[in-house]
Structure formats: C-alpha cells, structure tokens
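Peer 1: To start, I am sharing the structure in question, which I have written as structure tokens.
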Amino acid sequence: MFKSLLLFYNKLSIAKKLQFLGYSSALIASTVVLSLLFIFQYTSERHLTVEQSKVFAKILADNIAPSVIKDDVIAISNTLASIEYNDKINQAFALNKSWKMLGAFHKGNNFVQQHKIIPIIIENQNLWKDGFFYSVVPIIAGNIKLGHLVIVSSLDEFYVRIVKHYAVIIFIIIIALLSTSRFRVILQQSILQPIARLDEVTTQIIKTKNLNHDIPAFNNDEIGDLAKNFKHMISELNNYNNEINAQKDTLSYQANYDSLTKLPNRTLFYDRLNQSIYKASRNSEKFAIFFIDLDQFKEVNDTYGHEYGDKLLIKVANLLQNIMRKDDTLARLGGDEFIIIMNDIQKFHSASVLAQKILDIFGTRIEVEKEELFITCSIGISMYPQDSTDPNELLRHADIAMYRSKSDGRNAYNFYVEDMTTEVLHRVDMQVRIRRALEEKEFIVYYQPQYDMRTDVLIGMEALVRWQDKERGLVFPGDFIDLADEFGMVVGINRQVMNMAMIQAKEWHDQNLDFGRISINISIEQIENEDFVSFIQSMLLKTGCSPDWICLELTEGQLMSNADTAISVLTQISDFGIKIAIDDFGTGYSSLAYLKHLPIDKIKIDRSFIIDITTNNDDAAIVDAIIAVSKSLKLGIIAEGVETVEQKEFLVSRGCYDVQGYLYGRPVAADEIRTKLISLS
C-alpha cells in the first residue's frame, strides 16, 4: 500500500505534489484534531453523566434508607417512583445487602430487564450497556450498609450532545480549511512560481544554447538560495563556455594556420584547394598550383642560425603576400616550402607572369636583421584540369615540376609535363633501392691500378665502388652516386667502401703482396662530421690496417666548400700517417693560399684535361700549370684517365710520371688484382 502510494506520488508534478501534500496534511490534521476533540468531549460528557447519576443516586439512597430500615416496601417503592419526573433516569431499584430486590420503579414497567441486569451489576457496579448507564451506590444509615441502590440513566441525551459537539467541530474545521485554502494557494504559488521561472529559463537555455539569460531574484529562502546558486552556476558555465570557445578558436587557428608566418597551413590549404576544384568544376574555370621551394635554405640556417632562418621565412611570406590577388591562397606547407593557389585564370600565360614576379622579388637582396641576403627559389606549376582533377595529384605534379627547376640550376620555374613523373618515379625507386643496397651490403669495391710510367711499376690503386644489384647486375657509379649524394646516402656508401678496402689491404699485406697505397674517396660531409677522425681511428683498429697503406682523396670542389674545417680535420688524419690527395684538380677554384696550408701529399689531374691533351692547347696549358703548381708546392702529382701512348708521352715529357687509366688497367675485382699482384711479386 505504502509503495503504491509512493509510486503514485513520485509520478506527480511538483504542483500536484504540493496539492497532494496540502490536502493530505489538512486531512490528517483535521482527522487528528477531530479525533482529539471528540475524545475530549466524549470523556467530558461521560464524566458529567456519571457525576450527575451518582449525585442523584446518593440523594435517592439517603431518602430511601429509613424505609429500608423499616422494611417498608411501599415506602421504598414510593420513594423510587420519584424518578418519574427526572427525564434522565429510566429505572431505579433497591437491593438488600444480598442483592435481593427490595423495590423497583421502571418507566415502562420492564421488570424482566431488572432481573437480568442484577448479576451483571454485581460484577460491574458502574456499567455502560445498551444505551444506559447503571450507577450503583450503597444505602447507608449511620455507618451501617443496608443494601444497594441502582439508578439506570438513559444515554440518549448524552449521545445527542456528543453528536452536536461533533457537528460543531466538523463545521469549525471546514471553516478553517476554507479560510486557509487561499493561504495554501498563495504558499503553493510562492513555491511554484520561482521553480516555474527557473524551469522556463533552463528550457530557454536548452533551446537557444545561450547562457546569457537573466535569472530573477527571489525571497531569501531556500528557493531564493537555489536561484542565486543557479545564477552563479549559469555565470560560471557562461565563463567556462567563453573560455572553451576561445580555446576552440585558438585551437582552430593553430590547426589551420602556420604559427610562424600566420599563413594557412597544409590542412587549410587542402580545404581551399578542394573549394577551388569544386568552384572551377562548376564554372568550367582553370586554376594553377605553384610549389615554391627556397634554394639552399639549409645553408642559411647552418650559417646564420635557425632564428635568423625563421625571420627570413616571415620576410619571404610577406613579400609573396604583397604580389597575391585577393581571391588567391598563399600557404606554407612546412620548412621552406610555400604553395600558391591562383584561381580563375583565363590563360596559362597568367601563371607564367606570376611565376616571373615571384622570381623577380627574389632577384634583389632581402634584408633581415640588418643583414642583406641574396636567396633564390625554385617553382613548379601544375594546372587544373589539364594536369589532374585530384588535389593530391595536383600538388604532387607541382612538386615534381619544382624539382625539375632545381635540376635546371635553381632560380627558375617549370610547368609540369607527364615525362617528369617517370623521372620522379625513377628517382623514388632508386632511393629505395640504394637504401636497401646499403642495408644488405650490395656495394662492392673494384680496384684500378696506378703506375709509375718511368718504370711501369705498380705504386698503388684506387678503390672504386660498384653496385652488385640483385635485379640489374653490376651498376656503375655514374648511374647512382649523384642520386646517393642527393639522398644523403653517399656517406654510408663511402664508409662501407673504406671498410672493405682496409680489410682487403690487411689481407694482401698478410699474403706479402705489394699493393702500394689504396686511395679511398671521401666526401666533405664526412669531414664535417664531428666523429670522422675517431671513425678513421676505429676503422684502422678494427681492420688491422696500417695508415701507411691508405690515401684519402677529396675533390677540389668539395675541399674548397669548407676549407677551414678541411684543413683542421685532414691535418689530424695526416698525423696518423695517412696520405691526402686532391681529386679532380683543376675543375674547382682552389686558392693557392689554402693549398699552402692544406696537409695534402698529392694532386690528381682531372681526366677532362687529359682526354684532349695532345690536341687541345688550352688543356695542355692547364696541365702544364697544374704540374708547375705541384712542383712549386713540392706535392706529388698523378694523372687520371690516361688511355693512349700519346697522352703518356706528353705527361712524361712534362714531368708527371704517376698515372691511372685504361692504358695501364681498368677497374677490376679484388681477385683479379690479387692475381696481378702475385704475378708482379
């Protein structure tokens, strides 16, 4: 029952709950009050009836006592008959001490009832039964108990009074309920109206998602505190919402814009690109993608520092923005790469005009932190829809065209053509294959002998790399070494070659074979590496190779690109006993001042001067000059690429005796060199 009532109550609205509580509490209070008043009135009336009956019975008992003493039945009856005029008394009868009837009077002469009630009266001398009150008092004369007097009072008047009192009480309660109903309504409204207002505000907040709603003030009670707390909560939520929105705006900006240049980043660029594709497709328009890469930006960072490089990028971004149209997009993909979307172009020539403008702004020196810098860029251009309608392909094609500009010598622009893709795919394939060749040690060493032309005695040999490709067979350096250098893998190749050459030198030495010195090519990247000297030391220890068996060769161009570092590092290596030679001498721009300080032992004349030495006076003059320089600096000299007897005779006549070339031997595998060394021993 209680659970059902609780379930019913929980389903009610607050207004219905208040009404239910109001009516229930009023009903319960009325019932309690009515019950208490009834009990009080009933008790009072009953007590009054008892007292009145006893008083009357006492008086009648005193009056009847003389007649009982005389045993005068008639007198007793006449005395009892005096109750006839008392409306409240219905019967009276006198009993002796043994409860035997002495006399009786009954309105209506119902004597049977008298005899039936006597046994009950003996047990309960004051009895309420069947609408009558039986009051028993003793009949006393002096101090002697003569018998008992029973007075039977009708309770009709008692019940009438009770009913009247009950009706009055109910009437008063009804009046009280009616008079307080208005108060209950006011009380209910004072509770419900603030709650309803709060509910209305919350509903509006939910519908409008707007927290800027005014919360009305209420009385200083619990509901008022609730409204204040709710207002404070809304205010805090609003502040929090504003902070979240601000953070969202910040995160959105950071997600779509480059933090350095404030230009759109890759994410926003792709969004703009897709918009351009959609618009161009719908309106049958054309647009161009410009992929811009700064030339040799890494050198700027290395020379001036990354902070300077960042400021240069900001400067470049501002310069590019100044020549942009309003509807076009300039974005930074990262590093020194910028992208332009040139929308709605009528002719491809328009893209050429913009590309030339970009090259022109880089044609003047750019000032950053009071430092004037000359920097160029390479540009690749792809066209929609001519080159592709796919956003990723458009960007890739522009990137490919940009690399063609790099290959053309930088500071240029190129439109994408389909042949470029084949070239790029080849480059990508080669990059993967060269990396795999390094990992799987597919590179091997061939050796080309070097001779003293005066005696035709073997004085040494050059270690030359070959690639034993599992799929294509033997690959010569001209087909992969430039790409390896571009991909940053030439250092790894050189290290593997050095390791194999030193192992081979130790093996031939242990076999008592005289091979002179093995010349090993190194790059400027190795010299610039801080651990290069320690790497050489560790290789010598690991292979057991002597420094006296090794000569390191570095091209003239690379040597002069960082001469100061080269002097320092090569001096330390020279101190080990390793010889140093300048390769391809005459092709670079060596300074005699630097040559004087370099710890070099030998100069190698580049084969480009040897080929036409007997027919081209300029080449002959250059070779004469190189030989003169070597003699003046007391350096050894060797000519490479000697293939004819005429070339040999010319060099000998000029005082250059050491030679390397097909005339004396092609590069061959180690086993063939071993056979030759055995035959010479």
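Peer 1: Can you give the longest run of the chain that contains no GluC sites (Glu not before Pro) sitting in a DSSP loop with at most 16 other Cβ atoms inside 10 Å? Show your work: numbers first, answer last.
Peer 2: Details: sites that count: Glu285, Glu369, Glu471, Glu530, Glu643.
So the longest stretch without any such site is 1-284.
Peer 1: Got the relative contact order for the chain handy, in percent, Cα pairs under 8 Å and 6 or more residues apart? If you can, show how the numbers build up before the last one.
Peer 2: Details: 939 pairs, mean separation 46.3, N = 681.
That works out to 7 percent.
Peer 1: So, one more: Hey, fewest Cβ within 10 Å first, where do Tyr384, Tyr166, Tyr278 land in order? All intermediate terms of the calculation are to be shown ahead of the outcome.
Peer 2: Details: Tyr384 23, Tyr166 15, Tyr278 10.
The most exposed by this proxy come first: Tyr278, Tyr166, Tyr384.
Peer 1: Using 7 Å Cα-to-Cβ label points, what is the Lys129/Arg495 separation (nm, one decimal)?
Peer 2: 12.6 nm
Peer 1: Got a sec? Charge dipole of the range 278-349, +1 on Cβ for Lys and Arg, -1 for Asp and Glu; which of Ala288, Gly309, Ile345 is way out at the positive end?
Peer 2: Positive-end residue among those listed: Ile345.
Peer 1: With θ set to phi - 60° and the Karplus curve 6.51 cos²θ - 1.76 cosθ + 1.60, what are the ³J(HN,Hα) couplings of the range 652-659 in order, to the nearest whole Hz, using x for Gly and Pro?
Peer 2: Whole-Hz 3J(HN,Hα) from phi for the range 652-659: 4, 5, 8, x, 9, 9, 8, 8.
Peer 1: For the chain, with the dipole built from +1 on Lys and Arg beta-carbon atoms and -1 on Asp and Glu ones, taken about the Cα centre, which of Ile567, Ser98, Asn411 lies farthest toward the positive end?
Peer 2: Result: Ser98.
Peer 1: Can you sort His426, His148, His349, His509 so the residue with the fewest Cβ neighbours within 10 Å comes first?
Peer 2: Details: His426 11, His148 23, His349 8, His509 16.
By the 10 Å Cβ count, ascending: His349, His426, His509, His148.
Peer 1: Which value results when the Cα radius of gyration for the range 242-292 is divided by 2.2 N^0.38 Å?
Peer 2: Values: Rg = 14.5 Å, N = 51, 2.2 N^0.38 = 9.8 Å.
Cα Rg divided by the expected 2.2 N^0.38 Å: 1.48.
Peer 1: May I ask what percent, to the nearest 5, of DSSP beta bridges between residues of the range 433-680 are antiparallel?
Peer 2: Values: 17 of 40 bridges.
That works out to approximately 45 percent antiparallel.
Peer 1: With each pseudo-label sitting 7 Å past Cα toward Cβ, what's the His232-Ser350 distance in nm, one decimal?
Peer 2: Placing both labels 7 Å along Cα→Cβ, they lie 6.3 nm apart.
Peer 1: Another question about this same structure. Among Phe515, Thr49, Ile503, pick out the residue whose Cα is farthest towards the positive end of the charge dipole of the chain, where Lys and Arg carry +1 and Asp and Glu carry -1 on C-beta, about the Cα centre.
Peer 2: Farthest along the dipole direction, towards plus: Thr49.
Peer 1: Would you mind ranking Val475, Val491 by Cβ crowding within 10 Å, fewest neighbours first? Walk me through the numbers before you get to the answer.
Peer 2: Working: Val475 21, Val491 17.
So the ranking, lowest neighbour count to highest, is Val491, Val475.
Peer 1: Tell me which trypsin sites (Lys or Arg not before Pro) from the range 326-414 have a DSSP coil assignment and no more than 15 other beta carbons within 10 Å of their own.
Peer 2: On the way: sites: Lys326, Arg332, Lys347, Lys357, Arg365, Lys370, Arg396, Arg404, Lys406, Arg410; in loops: Lys326, Lys347, Arg365, Lys370, Arg410.
Sites meeting the loop and neighbour criteria: Lys326, Lys347, Arg365, Lys370, Arg410.
Peer 1: Relative to the compact globular guide of 2.2 N^0.38 Å, what is the alpha carbon radius of gyration of the range 259-416, as a ratio? Could the numbers behind the result be given before it?
Peer 2: Working: Rg = 15.2 Å, N = 158, 2.2 N^0.38 = 15.1 Å.
Normalised Cα radius of gyration, the range 259-416: 1.01.
Peer 1: Please get the size of the charge dipole for the chain, origin at its Cα centre, with Cβ charges of +1 on Lys and Arg and -1 on Asp and Glu, quoted in debye to the nearest 20.
Peer 2: 6720 debye
Peer 1: Using a 7 Å offset from the Cα along the Cα-to-Cβ direction at both Arg161 and Met324, what is the distance between the two label points in nm, to one decimal?
Peer 2: 10.8 nm
Peer 1: In the range 433-680, if every C-alpha pair distance is counted and binned at 5 Å from zero, what percent goes to each bin?
Peer 2: Spelled out per bin, shortest first, that is 1, 6, 13, 17, 19, 18, 14, 8, 3, 0, 0.
Peer 1: When the C-alpha atoms of the range 475-537 are aligned to their principal axes, what extent does each axis show, in angstrom, from largest down?
Peer 2: On the principal axes, the range 475-537 reaches 40, 31, 14 Å in Cα extent.
Peer 1: How tilted is helix 2-11 with respect to the longest principal axis of the chain? Cα atoms for both, answer in degrees (0 to 90, nearest 10).
Peer 2: Between the helix axis and the principal axis of the chain, the angle is about 50 degrees.
Peer 1: Let me ask something else. Among the DSSP beta bridges whose two residues both lie in the chain, what percent are antiparallel, rounded to the nearest 5?
Peer 2: On the way: 66 of 92 bridges.
The answer is about 70 percent antiparallel.
Peer 1: Quick one: which residues, 5+ away or cross-chain, put their amide H under 5 Å from the amide H of Gly103? H built at 1.01 Å from N.
Peer 2: Answer set, sorted by chain and number: Ala94.
Peer 1: What is the pair-distance distribution P(r) of the chain, computed from all Cα-Cα distances in 20 Å bins starting at 0, with each bin given as a whole percent?
Peer 2: 12, 22, 17, 10, 8, 8, 9, 9, 5, 1
The numbers here are math on the coordinates, done by the rules we state, and not lab data. Values in this document were obtained by computation on a predicted structure and should not be read as measured data. Counting neighbours? That spans all protein chains shown, and the Cβs are built from the backbone with ideal geometry, glycine included.
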